[in-house]
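Reviewing the structure listed below.
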Amino acid sequence: MNAEFDALLRNGTWSLVAPPPKANIVGCRWIYKIKKNVDGFIERFKARLVAKGFHQQEGIDFNETFSPVVKHATIQIVLSLTVSYNWQIKQIDIQNAFLHGALEEEVYMAQPQGYIHPQYPNHLCRLHKSIYGLK
Amino acid sequence: MFIWHKNDVLVVILIYVDDIIITSNSGTAIHHVLQDLHSDFAVKELGDLSYFLGVEVLCSTNDMYLTQRKYVAELLNRTHMAETKPYTSPMSTTCHVSATERDKFSDPSLYRQVVGSLQHLTFTRPILSFSIHKVSKFMHNPLESHCQAVKRILRYLKHTISTRLFLRRSPNSAIQAFSDSDWAGDRADRRSISAYCVFMGNNLILWRCKQQFTVACSSIEAEYKSLADTASELQWLQSILSEIGLTIPTPQCYGMIILEPHT
């Protein structure tokens, strides 16, 4: 849980601000998961902070949703070219890909439970980067 | 898809949300791209392409196999069809799925889930395009008979679980397209179904089965509509290939005009 919180801070996901008037506040909560390895033994406990995206209102704190998806046919074409011309082909995975998305809209999220700033308990997290559960 | 072209070096990057494939005619170019990505993101290199979107990729120097064996096995397990009797064809030739019967299928969301999973299978199974197209038309209101058709497809999958799509090095990149259609095969609205497949050199790269928007008054009309659909797809293919920077000969398109009268 601390690791997840630190990762979010390191990523510059939000900054604490005084609550602006009439802000639409998106709630958040911790989701816990027990990760087991193939033999069924517990590998680690995982905590993830998710925003309650259903609190968001279109036009106020989200305008468009976007996910890059390539057409199946395009993949087939590229694979076929790869074989025909003997190109090299590599696969990569971006870790926490979702959390890299920069936000243009003003989204205010409540402070996560257990990590409320002692000096500013009423402040809100103004989100700069995307977080799981957001639209 | 992102394309980077400079002098003779070409890099193509395909992105499916967080699954990324990088291919290039130069190994050092791939290396540079990976280094640049490393400086901005936490990137995990998974080495040569082996598993992408549920598709296993088996590579050797001159050919490549694509298979969804794992995906099919999981689907059969999930639907409790793993122990079922296999069937050698995905649909009976006399099958007429209609939307007008009384017996509703008890669990529509299960039907949608399974058919959705089946749709992903057309990625390596051109032969399933038609039967999956048929059962996909009733997602909004599945009936018992549609469920039977889906079960038949699953039993066929059990029979063909290790079927693979084969891509091999071909001496040329000539594009050939084949188009066909039925005529008024749908008893409910009498619209015809177009189908096409496109080869680049030896390799099958595109295929589709799709109902035409309007009713064709003759089989020739249906065939021409199918040819038109195919031609527009070829147009797209040509534009994407020229974007990649490949020059290819003009595609050839073949239709099947049946000269026997229909009865």
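Along the Cα→Cβ direction, 7 angstrom out, place labels at B:Gln113 and A:Ile25. What is the inter-label distance in nm?
Between B:Gln113 and A:Ile25, the label points sit 3.7 nm apart.
In terms of Cα to Cα distance under 28 Å, which lysines are near enough to B:Lys158, apart from those fewer than 8 places away along the same chain?
Within reach: A:Lys71, B:Lys70, B:Lys85, B:Lys104, B:Lys134, B:Lys137, B:Lys210.
Return a whole-number percent for the relative contact order of the stretch B:1-47, with Cα pairs under 8 Å and 6 or more residues apart as the contact set.
23 percent
Of A:Ile77, A:Pro112, B:Pro126, which is farthest on the positive side of the dipole of the protein assembly as shown, counting Cα position, with +1 on Lys and Arg Cβ, -1 on Asp and Glu Cβ, and the Cα centre as origin?
About the Cα centre, the residue reaching furthest to the positive side is A:Pro112.
I'd like to know how the stretch B:56-142 sits against the 2.2 N^0.38 Å rule of thumb: what's its Cα Rg over that expected value?
The stretch B:56-142 yields a ratio of 1.28.
For the stretch B:99-160 and the stretch A:2-51, what is the separation of their Cα centres, given in Å?
Result: 39 Å between the Cα centres.
Work out the length of the dipole vector of the protein assembly as shown about its Cα centre, built from +1 on the beta-carbon of each Lys and Arg and -1 on the beta-carbon of each Asp and Glu, and round it to the nearest 20 debye.
Dipole about the Cα centre, nearest 20: 1120 debye.
Of B:Asn7, B:Leu46, B:Ala73, which is farthest towards the positive pole of chain B's charge dipole, taken about the Cα centre with +1 and -1 on the beta-carbons of Lys, Arg and Asp, Glu respectively?
Ranked along the dipole, the leading option is B:Ala73.
What is the dipole size for the stretch B:148-263, taken about its Cα centre, with +1 at each Lys and Arg Cβ and -1 at each Asp and Glu Cβ, in debye to the nearest 20?
The dipole of the stretch B:148-263 has a size of about 760 debye.
Mean shadow of the protein assembly as shown, computed from the convex hull of its alpha carbons, in nm²?
26.0 nm²
Of the peptides B:229-235, A:76-82, A:41-47, how do they stack up when ordered by the mean number of other Cβ atoms within 10 Å, highest first?
A:76-82, B:229-235, A:41-47
Can you order the peptides A:112-121, B:138-147, B:207-216, B:33-42 by their average number of other Cβ atoms within 10 Å per residue, highest first?
In decreasing order of mean packing, A:112-121, B:138-147, B:207-216, B:33-42 become B:138-147, B:207-216, B:33-42, A:112-121.
Please give every one of the lysines within straight-line cross-link reach of A:Lys129, meaning a C-alpha to C-alpha distance under 22 Å, and leave out same-chain neighbours fewer than 8 residues apart.
A:Lys22, A:Lys46, A:Lys52, B:Lys44
Per-residue mean of other chain beta-carbon atoms within 10 angstrom of the beta-carbon, peptide B:202-212?
The shielding value for this peptide is 3.
Given contacts defined as C-alpha pairs under 8 Å and at least six residues apart, what's the relative contact order of the stretch B:172-255, whole-number percent?
Across the stretch B:172-255, relative contact order equals 37 percent.
Every read-out reported here was derived from the displayed coordinates using simple, explicitly stated rules and does not represent laboratory data. If you're wondering where the values come from, they're calculated on a predicted model, not measured in any experiment. For neighbour counting, all protein chains shown are included, and Cβ atoms are generated from backbone atoms with ideal geometry for every residue, glycine included.
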